[in-house]
Amino acid sequence: MCGITGIVAPAGARISSDTLQRMTDVIAHRGPDGEGFLVGSRFVRKAAEAQHLPAQVGLGHRRLAILDLSDRGIQPLTVDGGRTWLVFNGEIYNYRELKAELAARGCRFTTQTDTEVLLHAYLTWGEGCLPRLQGMFGFAIWDVARGVLFCARDRIGIKPFYYTAVNGWFAFASEIKALVSLPGQPRTLDDDAALGFLIHSNCDYNERTMFREVKALPGGHSLRLDVASGRIDVRRYWELVPRPRNGTADTSKIADVRELLMDAMERHLISDVRAGSCLSGGIDSSVVVGLIGKLWREQPEAAAALGDRFFTFTSCWDNPECDEREFALAAASAAGATPHLVFPTALDFWETFPRMAWHQDMPFGSFSYYAQWSVMRAAREAGVKVLLDGQGGDEVFGGYAKFRYAYFASLFRSGRWPSLARELTAAVLQNDNYVLDVRKGFRYLPGPLRRLLGVDSMLKGVLRADWNRSVSAESTPATRWWRYATNGDTGAKHGNGHATTLMQRVQIDDIVVDTLPMLLRMEDRSSMAFSLEARVPLLDHRIVELGISLPDHLKVRRGWSKYAMREAARDELPALIRQRTTKLGFAAPDRAWLGHELRPQITAMLEAPMRVERFVDVKALRRSYAAPHSSAEAYLGLFRILALEMWMQAFDVS
């Protein structure tokens, strides 16, 4: 796990090694264990060692040593005498199998790293190596002989890759802050992205970032730069489509889920440094912890990275409406783990707010991400360097309320009235407030319903924008969801000839376009801020493909969400968690902190000059904040304004 950077100059121009060094230093937190540079054809430990070399291409690397802790793992790496160079961030979880296959073809290895395996895979199969990789990655390969810079990002977009192309110059990096630190690099705010964040709490959509000149390479895509001509070609190499197994019994499908979960967990535990796990107390992280515990007890060699104790890390709140420690402690006890409980505080958050705004690269929408930040910090302080997380389980196995609504809509439209009645009755009998209170899913409500429920009471009154146009824009989650649900756009067929259900359409959107890219960006930045590698085994692309392909009734069944995953890990989940019907959905004490505990600090911030004035009527915001508000959504709108302001300050954007 590392931080990577690179610069390619236009024909006739030359890069500055000082610029490459500064650009890489900005993301030193991603790799405190070493650094290396390629300037032209020369590898150096410090870019300054090659400052007088004329070069059109430069690569930079900061190393977080996870596999093969020796200096043999330092990058940029070459295995063919300098004809091809690689900078790589991530993990290739099937590198051992690939290494054996490549060795049988005559490849020779001098390290125990997956980096070396990746470069040999490219030299053997070219760009066709990508479908063979299982893992999370963002990498760049400088193919000197072909004059091509080949870059790629993993299928799901777990690891980041950003790039910019201005005036013939091309640069890439693991984090946006490295790119905007380049001399002469514009910092033009994308107003639509800023408004989209304020209204929908999201700014990670496909290639768009908060800066017009900086793009994200989407997950499942590669980028090819012809250095001589400057031509950039971005291509999709993977697409998420359902592949139903018609005629296969439900028990067989659930068995397949369990088999893949166990395999992914074992692969994600391969590490030469200590590993542990996040644990919220929800189904997803409890499944991860439960299966790791099973490996630790029954196959200790497969879980050697845990060491003598299996550490879990949980964020707790004094507010019982948000606190999940009862469930987390039950999961830790069942797995034989040693729990670490973290108690985030409002004042600590306020002191941390500027640092978080800088590390996250783009604004974040609620206090729940501070809870994640606190967990990462605690893990690093406990000596853990690799942390497994349950990220992705909701998107893949159908955990969000919107998936339940999609299922209800499908049952209604297909005339399956008894099934619909059964599911609605189950939700009511379980008193599932997460599903029954549609206000909680404000991002997925169309404009008229948002107005009717008053979920935007504070934000709507202060925003300088055409509210109706912004809420109904084509790229918003509500627009897509309701188009699918009301226009009958649920039977689209893919290249495999299979139609998708409404739930599958919404799931694919969530994974590829909407929710997951944002969550993965937060996961990456929060972990790397503390030089810690976060792994997400539930987003192994094989699990994602299988989960999406499951029939709807194995995701939602008699009121139970994520039914297939609950059943697949039945033996490892305490009954308290497996039979849990409540879901907090990244709950945090937003109303209490914003409305009371941080009121003096927020009032002072609102009284000072604010950069968000171009988007927000600050005088109206002050009046609104002084008035009482009853809904949590109103305060979440306030938080997004504060987050955008802090981000604009951190990146000196006006």
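A few points about this structure:
- Which listed residue, of Ala178, Ala140, Ala173, is outside the structural domain of Val616 (by TED's automatic domain parsing) and touching a Cys at 6+ places or on another chain (Cβ under 7 Å): Ala140
- Scan of the stretch 134-175 for residues that are over 19 Å from the mean Cα position of the chain (by Cα), outside any strand (DSSP E or B) and on the phi < 0 side of the Ramachandran plot, ordered by number: Val144, Ala145, Arg146
- Scanning the stretch 556-567 for residues that are more than 21 Å from Val289 (Cα to Cα) and touching a Gly at 6+ places or on another chain (Cβ under 8 Å) yields one hit, Val556.
- Residue count for the stretch 331-362 satisfying the condition of being within 20 Å of Val288 (Cα to Cα) and touching a Ser or Thr at 6+ places or on another chain (Cβ under 8 Å): 9.
- Strands (runs of 3 or more DSSP E) wholly inside the stretch 1-104 that include at least 1 residues being surrounded by fewer than 24 Cβ atoms within 10 Å (Cβ to Cβ), polar (S, T, N, Q) and in contact with a helix residue (DSSP H, G or I) (Cβ under 9 Å, 6 or more places away or on another chain): 84-92
- From the options Ala104, Ala65, residue that is assigned by TED's automatic domain parsing to the domain that holds Arg30 and closer than 28 Å to Thr19 by Cβ: Ala65
Here is a yes/no grid of residues against (1) aliphatic (A, V, I, L, M); (2) touching a Cys at 6+ places or on another chain (Cβ under 8 Å); (3) in contact (Cβ under 8 Å) with a residue 12 or more places away in the chain:
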{"position": "Ala264", "(1), (2), (3)": "yes, no, yes"}
{"position": "Ser271", "(1), (2), (3)": "no, no, yes"}
{"position": "Ser277", "(1), (2), (3)": "no, no, yes"}
{"position": "Glu324", "(1), (2), (3)": "no, yes, yes"}
{"position": "Ala334", "(1), (2), (3)": "yes, no, yes"}
{"position": "Thr352", "(1), (2), (3)": "no, no, yes"}
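- Flag for Gly290 being modelled with pLDDT under 95, of a type outside the set (Lys, Arg) and surrounded by 19 or more Cβ atoms within 10 Å (Cβ to Cβ): no
- Residue, surrounded by the fewest Cβ atoms within 10 Å (Cβ to Cβ), within the stretch 108-140, restricted to residues that are without any contact (Cβ under 8 Å) to a residue 24 or more places away in the chain and in contact with a helix residue (DSSP H, G or I) (Cβ under 8 Å, 6 or more places away or on another chain): Phe109
- Single residue of Ala13, Ala9, Ala65, Ala47 found to be closer than 17 Å to Phe139 by Cα and among the small types (Gly, Ala, Ser): Ala65
- From the options Asp143, Asp191, residue that is more than 22 Å from Thr84 (Cβ to Cβ) and surrounded by fewer than 20 Cβ atoms within 10 Å (Cβ to Cβ): Asp191
- Residue check: Ala304 meets all listed conditions (1) out of contact with any Pro (no Cβ under 7 Å at 6 or more places or on another chain); (2) surrounded by fewer than 21 Cβ atoms within 10 Å (Cβ to Cβ); (3) in a helix (DSSP H, G or I); (4) touching a residue at least 40 places away in the same chain (Cβ under 8 Å) but one, namely (4).
- Against the test of being among the charged types (D, E, K, R) and at positive phi, the options Asp25, Asp68 yield a single qualifying residue, Asp68.
- Per the listing Leu77, Leu119, the residue uniquely more than 21 Å from Leu20 (Cα to Cα), out of contact with any Pro (no Cβ under 6 Å at 6 or more places or on another chain) and not acidic (Asp, Glu) is Leu119.
- Within the stretch 162-185, restricting attention to residues that are more than 25 Å from Arg355 (Cβ to Cβ) and of a type outside the set (S, T, N, Q), the residue that is surrounded by the most Cβ atoms within 10 Å (Cβ to Cβ) is Tyr163.
- Look at (1) closer than 25 Å to His553 by Cα; (2) at pLDDT 80 or above and you find that Lys460 fails only one, number (1).
- Tally, over the stretch 386-425, of residues that are among the small types (Gly, Ala, Ser) and surrounded by 24 or more Cβ atoms within 10 Å (Cβ to Cβ): 4
- Per-region count, the stretch 192-212, residues among the charged types (D, E, K, R), at pLDDT 90 or above and within 16 Å of Leu519 (Cα to Cα): 2
- Screening Glu321 with (1) out of contact with any Gly (no Cβ under 8 Å at 6 or more places or on another chain); (2) surrounded by 19 or more Cβ atoms within 10 Å (Cβ to Cβ) gives one miss only, at (2).
- Hey, Leu636 touching a Pro at 6+ places or on another chain (Cβ under 7 Å) and either surrounded by fewer than 18 Cβ atoms within 10 Å (Cβ to Cβ) or in the same structural domain as Leu452 (by TED's automatic domain parsing) (or both) or not: no
- Enumeration of residues in the stretch 248-307 that are among the basic types (Lys, Arg) and in contact with a Gly (Cβ under 9 Å, 6 or more places away or on another chain): Arg267, Arg274, Arg297
- Residue list for the stretch 353-390, filter: in a loop (DSSP other than H, G, I, E, B), out of contact with any strand residue (DSSP E or B) (no Cβ under 8 Å at 6 or more places or on another chain) and within 17 Å of Met522 (Cβ to Cβ): Gln360, Asp361, Met362, Pro363, Phe364, Gly365, Ser366, Phe367
The values are calculated or read from the model by the stated rules, or taken from the named source; none is laboratory data. As the structure is a computational prediction, the values presented were derived from the model and not from experiment. In this analysis, Cβ positions are derived from the backbone assuming ideal geometry, glycine residues included, and neighbour counts consider all displayed protein chains.
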